[in-house]
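See structure below.
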Amino acid sequence: MNYNIVIVISVVICAIISLFISYYLALFIVGEDSNFFKALQLIIAIISMTTFYAPTKHIIIKFMNLNEDESENK
């Protein structure tokens, strides 16, 4: 499997996880009627994307038996 496809898969997985985490956490903190709901949801989504991206990419690379060093040189 190509390294670029692994990157795309991990970004999609992290985006889905971040969508749910940011929505429900922002809903819990301020409520959907608040004016700050979308801003808080965006901040939480950015934080969760940066938090979950590297571990997800690492797990997928290990699962696919892909060497990161070899695929970057091609």
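The values are calculated or read from the model by the stated rules, or taken from the named source; none is laboratory data. Predicted model, so just to flag it, every value in this text is computed and none were measured. Please note: Cβ atoms are built from the backbone with ideal geometry, for glycine as well, and neighbour counts cover all protein chains shown. Heavy atoms of the whole protein, side chains included, go into the accessibility calculation; ligands, DNA and RNA do not. Shrake-Rupley method; radii C 1.70, N 1.55, O 1.52, S 1.80 Å.
Between helix 3-29 and the chain, what is the angle of the helix's C-alpha long axis to the longest principal axis, kept within 0 to 90° and rounded to the nearest 10?
It is inclined by approximately 20 degrees.
Would you mind computing, in nm to one decimal, how far apart the modelled labels at K38 and I59 are, each placed 7 Å from Cα along Cα→Cβ?
Result: 3.2 nm between the two label points.
Which peptide among 7-17, 27-37 comes first, and what is the full order, when sorted by highest mean count of other Cβ atoms within 10 Å?
Highest-to-lowest ranking by the protection proxy: 7-17, 27-37.
Report, in degrees rounded to the nearest 10, the 0 to 90 angle that the Cα long axis of helix 37-64 makes with the longest principal axis of the chain.
Approximately 20 degrees, to the nearest ten.
Over the Cα atoms of the chain, what Rg and Dmax result, in angstrom?
15.8, 51
When only the heavy atoms of the protein chains count and the probe is 1.4 Å, how do Y53, Y24 rank by accessible area, highest first? Can you show the working numbers first?
Details: Y53 65, Y24 135 Å².
Most to least solvent-accessible, the answer reads Y24, Y53.
Just to confirm, what accessible area per residue do you get for the chain at 1.4 Å probe, in whole Å²? Spell out each step's value before the answer.
Details: 5470 Å² over 74 residues.
It amounts to 74 Å² per residue over the chain.
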